[in-house]
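The values are calculated or read from the model by the stated rules, or taken from the named source; none is laboratory data. As the structure is a prediction and not an experimental result, all values here were calculated from the model. Quick reminder, even Gly has a Cβ in these numbers, built from the backbone with ideal geometry, and neighbours come from all protein chains shown. For the accessible areas, the whole protein counts, side chains as well, though only heavy atoms, and no ligand, DNA or RNA atoms are used. Shrake-Rupley method; radii C 1.70, N 1.55, O 1.52, S 1.80 Å.
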Amino acid sequence: MRKIYYLLISLVLLGCEDPIQIDLTADANLVVVQGWISNQVTNQEIVLSRTQGFNDQSGPSLIMGARVSVINNQSDQFIFQQNEDGIYRSNVEFRGVDSLFYQLEVILPDGDTIVSPFESVPRIVTIDSLIFRQDEELSDDNANLLETFNFPVSWAQDPPDIRNYYRWRIFRNDTLFSAPNDLELLDDSAINGNFFPNEFRSFRYEFGDTLTMEMQTLSEDAFDFLTLLKNQTTLLGTASGTLPATISGNLRNRTDPDQIVLGFFGCISSSSSELVLLDE
């Protein structure tokens, strides 16, 4: 008999706030790892938890007392300490360097060792410009009334010589848009080498609001993982026909290879831009 469990996965690539819950068919107490090394100088962060039963109302099952470290291909080692329950931050601030590769190792309290493959930091692609546009749509309350709304548009230059994969994090007045549908992803198959715009019409702003936009470049594996995550949280059970899938990511249990590990460890590069919507 199959049971449904909750997998806690953050849509925030550089933090553990604003987690979402998705239905996942899997075994109980599977380890969930979320961690990203960024090109920003900061205390990098890894979050460890376990899956929970559908009716479990006790809150996130976070893993405490693990030993967490990240190494690169130059044998530099970064130790992560538990600063909060299940949240591990590097002892020192550092940034991911785009010429290096990074690997995560987690030794759980029971002795099992979780490892990732070596992941490289993608080349950074920066936001070139950022504006607001206006459009109109029919009111939800009055089908005969057109309402004006404001939304952001960004431009960037896609490098022509490699495949690129992007994700955007969008904030309004320091609050992240974190619903499943707010996960904005793009690969460069249709815009390779071009100076391209991206309209974010579902993100609405009022006069006086501050927009902060972070543009991230990802690996192909990270893009595929987040795409599957978005599909499972937004399309499962809809007319699209999306089927349930285990979002296992790129981690493995070296001690017990038959044990599934959920989540993802990867590297990202990011740039940010800010804009205030002024009433003209």
Considering only residues that are closer than 30 Å to residue 266 by Cα and of a type in the set (D, E, K, R), look in the range 123-144 and name the one that is surrounded by the most Cβ atoms within 10 Å (Cβ to Cβ). 128
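Report yes if residue 183 is open to solvent by less than 70 Å² (accessible area, probe 1.4 Å) and closer than 22 Å to residue 223 by Cβ, otherwise no.
Details: open to solvent by less than 70 Å² (accessible area, probe 1.4 Å): yes; closer than 22 Å to residue 223 by Cβ: yes.
It is true that residue 183 is open to solvent by less than 70 Å² (accessible area, probe 1.4 Å) and closer than 22 Å to residue 223 by Cβ.
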Go through (1) surrounded by 12 or more Cβ atoms within 10 Å (Cβ to Cβ); (2) farther than 30 Å from residue 49 by Cα; (3) modelled with pLDDT of 95 or more; (4) acidic (Asp, Glu) for residue 147 and report which single condition fails. (3)
Scanning the range 222-232 residue by residue, those closer than 15 Å to residue 251 by Cα, surrounded by fewer than 21 Cβ atoms within 10 Å (Cβ to Cβ) and touching a strand residue (DSSP E or B) at 6+ places or on another chain (Cβ under 7 Å) turn out to be 225
I need every pair where a residue in the range 255-276 that is under 28 Å from residue 99 (Cα atoms) has its Cβ under 9 Å from the Cβ of a residue that is open to solvent by 20 Å² or more (accessible area, probe 1.4 Å) and aromatic (Phe, Trp, Tyr), sequence separation at least 6 or different chains. 267/101
Answer yes or no: is there a residue in the range 241-253 that is at pLDDT below 95, hydroxyl-bearing (Ser, Thr, Tyr) and outside any loop (DSSP other than H, G, I, E, B). yes
If we take the range 66-106, then strands (runs of 3 or more DSSP E) inside it with 1 or more residues that are of a type in the set (D, E, K, R), open to solvent by 40 Å² or more (accessible area, probe 1.4 Å) and in contact (Cβ under 8 Å) with a residue 12 or more places away in the chain are 67-72, 87-90
Quick test for you: out of 268, 260, pick the one residue that is touching an Asp or Glu at 6+ places or on another chain (Cβ under 8 Å) and modelled with pLDDT of 90 or more. 260
Quick one: in the range 107-116, which of the residues that are surrounded by 12 or more Cβ atoms within 10 Å (Cβ to Cβ) and over 18 Å from the mean Cα position of the chain (by Cα) is nearest to residue 194 (Cα to Cα)? 115
